[in-house]
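Every number here is computed from the coordinates shown, using simple stated rules; none is lab data. Computed from a predicted model, the values in this text were never measured in an experiment. Here Cβ is always computed from backbone atoms with ideal geometry, including for glycine, and neighbour counts include all displayed protein chains.
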Amino acid sequence: MMPSCREASRLLSDRLDRPLRFGERLGLHLHLAVCRACSRAEKQFDFLRKAMSELGKHR
Amino acid sequence: MPTRKADSAELEQHRGHLLKFAMLQVRDRAAAEDLVQDTFAAAVAALERFEGRASLRTWLTRILLNKIADHLRASGRHVSIDAHAAEDETDGVEAFFQANGRHVETPQAWDNPEAALSQSRFFGVLERCVEGLSQTAARVFLLRELMGFSVEEICKELCISESNCFVLLHRSRIRLRACLEKKWFT
């Protein structure tokens with residue numbers, strides 16, 4: 001079954017910390033294909049990680 | 001074996017990250033600098049006990065966490081992380097989603113986010129957003145994203161469950177995403 005935005009959001013976060021199971025990957029993929037808002041959140045979570053990795057270099 | 005002198009230089013490479021972590025946890029620059037200084041002193045004294053099983057940064061961060069806990073306890077701000085985590089039954093993202101699971105406020109497109117990374121003012125905003133998280137959520141998030149801990153290392157260090165850790169990381173990311181959108185990308 002297709003995950004909701006709330007569930008998709010959790011998967012977008014979890015996949016930064018653990019490998020997703022096959023079913024989770026599939027559900028997330030299907031959701032992102034039809035949801036522009038979550039596709040934005042996906043990029044923004046990735047950006048947040050990048051920004052945090054730069055933060056330590058700023059005194 | 002590397003010499004003691006090389007080890008000290010190696011320790012120095014982590015000062016920036018340790019200082020940032022301490023500042024975001026105790027929210028007082030002078031106190032944070034003292035805590036990092038104490039951490040380095042303790043680390044130099046205990047260097048031969050560093051076994052290289054964890055990374056040097058992880059090892060230094062563990063020492064710093066103890067110093068921060070002592071500091072917060074002394075200033076009466078200590079919150080037991082177990083007690084805090086235990087009372088948290090929900091995932092804390094209700095405010096962001098409707099009952100049917102859809103976004104309350106739809107995430108907006110961000111215009112050229114990469115450009116923000118070259119502006120020091122952006123990092124000030126990011127820090128204010130991190131300071132808006134709860135102490136526990138901020139600690140878990142910073143250990144993961146600033147100090148490079150694995151989820152397993154975080155759980156072990158803070159005595160919280162993996163599921164609790166994933167919940168706190170998701171909550172932090174949701175809140176930080178919304179905070180950055182509001183404070184920077186509009």
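What nm value, rounded to one decimal, do you get for the distance between B:ARG53 and A:LEU20 when each label is placed 7 Å out toward the C-beta?
Here the modelled spin labels are 3.4 nm apart.
Report the equivalent ellipsoid semi-axes for the protein assembly as shown in whole Å, largest first, defined as the square roots of five times the eigenvalues of the gyration tensor built from alpha carbon atoms.
Each semi-axis is the square root of five times an eigenvalue, giving 33, 19, 18 Å.
What do you get for the angle between helix B:135-145 and the principal long axis of chain B? Use alpha-carbon atoms, 0 to 90 degrees, nearest ten.
Once rounded, one gets 70 degrees.
Which of these, A:LEU32, A:LEU16, A:LEU48, has the largest mean-square fluctuation under a Gaussian network model of chain A (Cα springs below 10 Å)?
A:LEU48
Tilt of helix B:56-74 relative to the longest C-alpha principal axis of chain B, in degrees (0 to 90, nearest 10)?
On a 0 to 90 degree scale, this one is about 80.
Please give the FRET efficiency for B:VAL44 paired with A:ARG49, using the beta carbon to beta carbon distance and R0 = 41 Å, rounded to the nearest 0.05.
According to the calculation, E is roughly 0.80.
Cut-off under 17 Å on the C-alpha distance; same-chain residues fewer than 8 positions from B:LYS20 excluded. Which lysines are left, in chain and number order?
Within the straight-line cut-off, B:LYS20 pairs with A:LYS50, A:LYS57, B:LYS67.
Quote to one decimal, in nm, the extra length available between B:LYS183 and B:CYS159 on full extension: 0.36 nm per residue of separation minus the C-alpha distance between them.
Net length gain for the segment: 5.3 nm.
Counting pairs of alpha carbon atoms under 8 Å apart in space and at least six apart in sequence, what relative contact order in percent does chain B give?
Numbers: 130 pairs, mean separation 44.1, N = 186.
Relative contact order comes out at 24 percent.
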